[in-house]
Each structure stands twice: as structure tokens, then as C-alpha cells.
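Everything on this sheet refers to the single structure shown next.
The values are calculated or read from the model by the stated rules, or taken from the named source; none is laboratory data. Predicted model, so just to flag it, every value in this text is computed and none were measured. For neighbour counting, all protein chains shown are included, and Cβ atoms are generated from backbone atoms with ideal geometry for every residue, glycine included. Remember, those area values only see protein heavy atoms, side chains included, never the ligands or the DNA or RNA. Shrake-Rupley method; radii C 1.70, N 1.55, O 1.52, S 1.80 Å.
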Amino acid sequence: MKPGRVIAALTVLAALAGCGAAPTGDGVVRVVATTEILADLVRAVGGDRVTVDSVVPPGGDPHSYEPTPSDAKTIAKADVTFTNHLLLEEHALIKAIDANAPKDAPNVSLAESAEAYGAQVIPLVENIALDVPWVGLAVRGSGAARGATRASEIRLTATRLDGPGQLAVYLTHALGQPEVYVDSADGLSTADTTLLPPDAHTHVNWAFSKPGVYRLTLSATLSNLDGAAQPVATGTFAFAVGVDAHTVAGPATVLDRGHTDVAVDLDRGELYAWTDAATPGTQRAVPAADVVIDVPNRALDTVPADPRFAFLGPAGQSIHQLPQAVLGKHVHGEIDPHLWQNVANAKAYVQIIRDTLVTRDPAGRDGYRRRSTDYLAELDRLDHDVRARIAGIPADRRQLVTTHDGFGYLAKAYGLTVAGFVVPNPAQEPSAAQVRKLTETITNLRVPAVFMEPNLSKRASVLTQIAKDQGIRICKLYGDSFDEQARHYVTMMRHNADELASCLGGTR
Amino acid sequence: MTAARAVLRTVAVLSLLAGTSGPAVAAPTPAGGAVILAAGHADLGPRLVDGAWRIQVRDDTVRPPAWRGLDEIVVHAADATRAQVPATAEFAFLGTAGSDVWILPQVQRPDAVWLGWSTQDPTVATTIQREMTWRVHQVTGPGRFALFLNGNFGAPQVVFDSGKPMPQDSGVEADTHVHGNWVFTAPGAYRIDVEMTAASKAGERLSGRGTLRVHVGPGDPAAVFPPAPSPATNASTGPATAEGTHSSGPDRAWLWPAIGSGVLLALLTVWIVRRRIRRSEP
């Protein structure tokens, strides 16, 4: 939303307020927020001038809370209502707010307004198996100095593979027919060759049979119309499959996102990674020897029963596979609702709350401004401390395994990896395949602890069982709600940082 | 995308559009021959041209690459691209097993147009918010049109399917370049009415609309698409606003102050139903 539009809307509401619809009581503004976390932020800004009710009770889960008739009465008396986002709160809750809130009461969706206040928003991931690096093959440079023409052929041959299992590089054609370029299971030979024309760019599947570190050596030759093949380059690329890429020795650039091509450069006579992983929007060359391509446990899949895919191993076997297409990982137009797990986003919420309260209750302006200024400074200190605490955890142990997909912002803002979760949304039940994938993730990464949200502990039997089986710790992270130990946003975030440091920190 | 989701998405789109102005349309196609693209790489995507957002095709078959207006090209899926629908349930949406289809494939092959879509033009890549909406309003032609990607082990992920209610939407992230399989189930002339919409980082609504013309199978593509007025195709030689709109209307203003309006309630309902459906998907 454009800020100008927000201001215009607020101005209209201010005009209404000035026409006698002043807030009730002795200058006290009644605010209803859907969750305890939002209510706490409102109290920090509103101080004694506001009365704040949270519709979801202490310890309740906003994903599933159904409002009661008494909630409707509370909402009907509100001067201002704050919700987070459609995808967080149960629909009945949003409906209760929209149906019962007085028509002249501002009804603010904080997550949806936050971007205009500088919040960093993450698109909602629909298919985490696609939230992985996208690795193709390319030929770059004209090769004119080597006599290359449009009719030339570049042969990219796998000559050596070191690693705990097998690698297959293949393409699936439009109607489902696989074409195998490299298959180490029957040994590597000249058959393990991809033929590419100049300027080629294609996308392939990379399937690894076991977790671990692999090193793949490729050799590129150029054949012009005169027939003689001339060597162009060789290079060795490392892949961290299911294990933390930071554990791979060497001066490595970890390619864990974005689009990368294993590229033959005819002009430079080099094989390198042509990647936008570190610099979104711009691709750059990173020498093969400096690259580790991350194949995370999100990429775990199962060999299908289709005999055309038997080259990948027996049906039902687990493989790690980087797919040839990654479109569709995000839900079109929707965002991850858990913005406050990044303290910088909570600051955006606070500013929206301040501006909304000032508009609804102009007489309280100075107080709202003073309290929000103080609170924003406290949030700056919080952000700094959380960052410092998490930075103290060794890089390869910053792995987050949780009950639901509620910590993407925490991970992105403070340098953690979302290694896995039981189900994306706490209202779902995990399938057998999801449980197996999570178990393998924890084993492969040697994750020292899993994290449970207090409000979801009743539904966390799956995670509890996995942790018991693996003999690892079960720790507590606050996600969508408080409990009796944490009654404030700042307390909750400090707990989260301390818990991460104590459960993941140290050495194995 | 399940059928149910496609329909719901459509409803959401209609609700969203209520109250916003549609793109300007209808300038005559200039006389003169269109470029026939029958092989090689090309990408469909928006660009800012003379201050207007326009959908164009970047033709990489010439050096240097040329950006062409949609009314300046015809894509040809020649008979070499013909294949048969396999006898697996997941491809049944293309027709009965063994029937002919013409495919411009997701991966490069020398005898077919390799047609992708992109938000990577420098005037677009870093100037729009997270995601562009790519909408197909209508497809006319002798058969069915579908655009899909191959997921793991080849499973089709359908982006558009003319056999389902229109319009249909897909999201394209900023600064991405994607290829898919463009499939046609009968030879002849197809017109795909497309619109690409995004919000600029400053909150302006950017939108362009035009008609992509595809000729499938034998025959002369130039003869099939005579230089005549085409309802949704806009002339690149017309005024700068003919194809693209560059309005400064609110991007998501409906999200907040419109509380209580029917539009928002409709959206709430639709979104929540969509959420429920997604939850229940595997």
C-alpha cells in the first residue's frame, strides 16, 4: 500500500473522530488485537492510555483459535483493532473482527501494512522441496578464437566422482521421459557425456544416492566442423549433500540458493560456476575449485516405482535431488505471516501501531510518540543482542528443526538455516513420508536439538518421538504465543536467542 | 494446480480487479510481415518502453538480441514438434493416450522454439516488488493450449490450461527466467491474450497486455495471421500508452481502508478457502 493512501485513510478516520465519535472513557482507547504478541506491542506504545484485549487467550494458538460470543462483545466495543495476517489467524477470528468491529474503528492488518514501513517480507513457500539451488549447464563465450561456430559441439564429460554414493545427472523431457547424461552407478566413461551447442543453457536434475560430500570432476572439449576435438577445460565441483556445506574444507563459496550454471567458458578456457547465489540479480563466475553446491535435506525425495527411473536405484529408496525446475515453490501473492520473528519487522509494526493510535486519539499523540521512541530503541538493543547471541553458535550448527514452518524470518534475519519442520501449518497432520524425511534430516545434519513451541506441545508427539529416538534435546522456542514464563515480546525473543545458543552452541 | 484451485484463483482475480481500471486496448496492427520464429531461444516478458510497460518478446535468434512487440512476431510450432500423449494418468489432461500434441519444450532442442518467460529486463528486474502476476485472459484456437513445467520425475505442474475457466494467473518472481512446455492439441492458429502486472517499488501499478500468436503445424504462419486488426493486440507504433498502462493507482489499497466492503469480504472468503485446500493437499 502506498503510504499516501494510508495517511489519507487515517485522515478520514481522524475527521470522524473529531466529529464526536471520540474514544470511549476518560481518554482511554480500547484496542482489540488478535494475538498476545500484537497486544503486547500495542501496550508498549499505548501505555496507560489504552486498554488492550487479546482475542486469542494466553497460550492459545492463533492458527486454530475459534472466537466465542464474549469475544464478539469485546470486539464490538473496540476503538481500534489489529490483526496480523489472513494466513496466521483462524478464519473465524478474522471474521469475528470484521463482522463485529465498529465501522469507524480502524481495522489494521499489520503484516500487510508493514512493507510500506520498511518490513522485509518473505513470500510463502508452498513446496519446500523446490526451495533449493537451481543448477543447470551452460556454454559461455563465442569460442571464436578456437574456431567455434554455430555448428560446433561441446562435450561435457564426467571423468571422476568421489563421494559416499552415486550421482545421476539427467533431464526429464516434456512428456516424462528421462534422458540420462551422467550415471556413476555403472562407472564413469565417455558415455557420461552431455553434448551441448554453443550458447547452450539447460536445466537438469542432480540426484545423489547417499548423503555426504561429493566431488565431481568434469572435462570439456570442443569439436568444430573439421572434426578434431580440442580440450577446453577441466574442473572439480563439490556438492554438500544433506550435510552442512560449511563443513566442506577449502576456501569455499557456498551456493545454497538462486540459479547456478555449471558453465564451460570457451573464451576463457575455464569450467566455473556461473551463479547469482551471492548476488541476486547479477550472475558472476566462481572458479570450480572454490564452489560448494548445497543439496539440502529439503531436496530429499523417493525413487518412484516407474521403471524408467530405475537408474536412480530401487523404488522407495531415498535420494537427494536438485530438480530441473523450481517454479512453484512460492504461493502466488501470499506472504509468510510470522514477520515479528525478525525484530526489524516488529519495529515496523510498532510504527504502524503508533500512527494508528495517534490518528484515532490525537490528544494522546505526545505519549504515543514518546513511548514508541523508547520502545523502538529497546527493540534496536534487542535486535543487536539476538544477532550477537546467534552469531556465537558455530555456523554448521545453526540448524533449526521445529514443529511448524514459523521461523523463516528468524532464520533469514539472524543467519540460521531452516533444516526442517514436521508440517508447514500446525493444523496439518504429518504423512509417513514427512516423518521419514525429517528423521533423515536430523540424522544427516547431526542436529543437536529440536525446538518445540509451547502452544503446540500437545501436537508435538511426532517431534518428541523423533528426538527421543535420536537421543537429542528438545528445546523451547516461542512462535505465535506467550506462556507463563514469557509475557512480553522482548522476553520471548531474548529467550529464543538464549535457547538457540544453549541448545545448538558448543561442540558436538 | 487442482481444478478447484484454478477456479478459486480466478474468482480472486475477478474480485481484485473490481474498481481498478483495465489496460488500454485496441490499436490496429500495422500492415507488413511479422517475424516468424520457428527455432531458437526467445523469452516473453515485460519491459519499460518509452515510459510504458509492454509485453515483448526478446528474440535471441539474432545478434544482438532484438525485442519485438507481440504484433511483430508469430511463434511457429512446426510439425517437427509433434509428439503423442503418453498413456499415463498424469498427462491425461493433454487428451487421450496416443493423440497428437505439438510441444515447444521446456528444454532446448534445435528444431523448436525455446520459449521462456522472464522478468530480467533491466527496466524490470530490480524495479518491481517481489513478484509479477502473469494472467492469461483468453485463448482462441482450434485446440487446447496448456503450459506446464516438469516437476520431479517428470510430473507435470500446470501453469495455464485453456480447458479450464479463464482468466488464470501465475506468479513470476522478480528477476527470474523460466522455461516451460507450451502444448497445443490441434494444428492451426492460436491467440493467447496475456497480461503482466506488477507493483513498482514506489507502489505504482504497472501493467501491459497483448496477444501472443502461435501457429501450430503445417502451413504458412504469415498467411494464417494476416495483418488485420486484432482485438487485444496493441501496436508498438501507436501512442506510448496504447499497450502499457503506467498508472499511479494504489497497489494494495484495498487491503486496509476498504474494510467492510464487499470486495474484501469476498477476498477473505476466497483466500481462506484456498488456504484450506492447500492445507489438505499432500
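Structure summary
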item: Strands (runs of 3 or more DSSP E) contained entirely in the range A:237-316, each with at least 1 residues that are in contact with a Leu (Cβ under 9 Å, 6 or more places away or on another chain); result: A:259-265, A:270-275, A:284-287, A:291-295
item: Enumeration of residues in the range A:158-188 that are open to solvent by 60 Å² or more (accessible area, probe 1.4 Å), assigned to a loop (DSSP other than H, G, I, E, B) and away from every other protein chain (no Cβ under 14 Å); result: A:Pro164, A:Gln166
item: Enumeration of residues in the range B:162-190 that are within 11 Å of the chain's Cα centre (by Cα) and more than 17 Å from A:Ala325 (Cβ to Cβ); result: B:Pro167, B:Gln168, B:Asp169
item: Qualifying residues in the range A:29-59 (those that are surrounded by fewer than 20 Cβ atoms within 10 Å (Cβ to Cβ) and assigned to a loop (DSSP other than H, G, I, E, B)) - the one nearest to the chain's Cα centre (by Cα); result: A:Gly59
item: Among (1) over 15 Å from the mean Cα position of the chain (by Cα); (2) facing another protein chain (nearest Cβ under 10 Å); (3) modelled with pLDDT under 90, the one test that B:Thr127 misses; result: (2)
item: Breaking point among (1) open to solvent by 10 Å² or more (accessible area, probe 1.4 Å); (2) in contact (Cβ under 8 Å) with a residue 40 or more places away in the chain; (3) in contact with a helix residue (DSSP H, G or I) (Cβ under 7 Å, 6 or more places away or on another chain), for A:Thr81; result: (1)
item: Of all residues making up the range A:421-443, the number that are open to solvent by less than 40 Å² (accessible area, probe 1.4 Å) and in contact with a Pro (Cβ under 9 Å, 6 or more places away or on another chain); result: 4
item: Filtered residues of the range A:468-504 (kept if part of a loop (DSSP other than H, G, I, E, B) and open to solvent by 20 Å² or more (accessible area, probe 1.4 Å)); result: A:Gly471, A:Ile472, A:Glu484, A:Gln485, A:Arg487, A:His488
item: Failed condition for B:Phe153, given (1) facing chain A (nearest Cβ under 10 Å); (2) touching a helix residue (DSSP H, G or I) at 6+ places or on another chain (Cβ under 8 Å); (3) crowded, with 23+ Cβ neighbours inside 10 Å; (4) without any contact (Cβ under 8 Å) to a residue 60 or more places away in the chain; result: (3)
item: From the options B:Val270, B:Val224, B:Val263, B:Val183, residue that is in contact with a Lys or Arg (Cβ under 9 Å, 6 or more places away or on another chain), modelled with pLDDT under 90, within 14 Å of chain A (Cβ to nearest Cβ) and more than 20 Å from B:Gln129 (Cβ to Cβ); result: B:Val270
item: B:Thr29 vs. criteria of a type in the set (Ser, Thr, Tyr), closer than 29 Å to B:Gly219 by Cβ and either buried (at least 17 other Cβ atoms within 10 Å of the Cβ) or modelled with pLDDT of 90 or more (or both); result: yes
item: Those strands (runs of 3 or more DSSP E) lying entirely in the range B:178-217 with at least 3 residues touching a helix residue (DSSP H, G or I) at 6+ places or on another chain (Cβ under 6 Å); result: B:205-216
item: Lone unmet requirement of (1) farther than 28 Å from B:Gly217 by Cα; (2) modelled with pLDDT of 90 or more; (3) within 13 Å of chain A (Cβ to nearest Cβ) for B:Trp53; result: (3)
item: Strands (runs of 3 or more DSSP E) contained entirely in the range B:59-132, each with at least 1 residues that are polar (S, T, N, Q) and surrounded by 16 or more Cβ atoms within 10 Å (Cβ to Cβ); result: B:113-118
item: Residue list for the range A:435-467, filter: outside any helix (DSSP H, G or I) and under 20 Å from the mean Cα position of the chain (by Cα); result: A:Val447, A:Ala449, A:Val450, A:Phe451, A:Met452, A:Glu453
item: Within the range A:458-467, tally of residues that are open to solvent by 70 Å² or more (accessible area, probe 1.4 Å) and free of Cβ contacts under 8 Å to residues at least 40 places away in the same chain; result: 3
item: Restricting the range A:259-316 to residues that are open to solvent by less than 10 Å² (accessible area, probe 1.4 Å) and within 10 Å of chain B (Cβ to nearest Cβ), the residue that is modelled with the lowest pLDDT; result: A:Ala299
item: Hey, A:Val422 within 18 Å of A:Trp340 (Cα to Cα), outside any helix (DSSP H, G or I), touching a helix residue (DSSP H, G or I) at 6+ places or on another chain (Cβ under 9 Å) and outside the structural domain of A:Val295 (by TED's automatic domain parsing) or not; result: no
item: Subset of the range B:130-149 that is closer than 18 Å to B:Ala77 by Cβ and within 10 Å of chain A (Cβ to nearest Cβ) - its residue that is modelled with the lowest pLDDT; result: B:Leu149
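Results for (1) open to solvent by 10 Å² or more (accessible area, probe 1.4 Å); (2) more than 14 Å from chain B (Cβ to nearest Cβ); (3) touching a Phe, Trp or Tyr at 6+ places or on another chain (Cβ under 6 Å), shown as yes or no for each residue.
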site	(1), (2), (3)
A:Val204	no, no, no
A:Ser209	yes, yes, no
A:Ser219	yes, yes, no
A:Leu222	no, yes, no
A:Ala229	yes, yes, no
A:Thr234	yes, yes, no
A:Phe237	no, yes, no
A:Gly242	no, yes, no
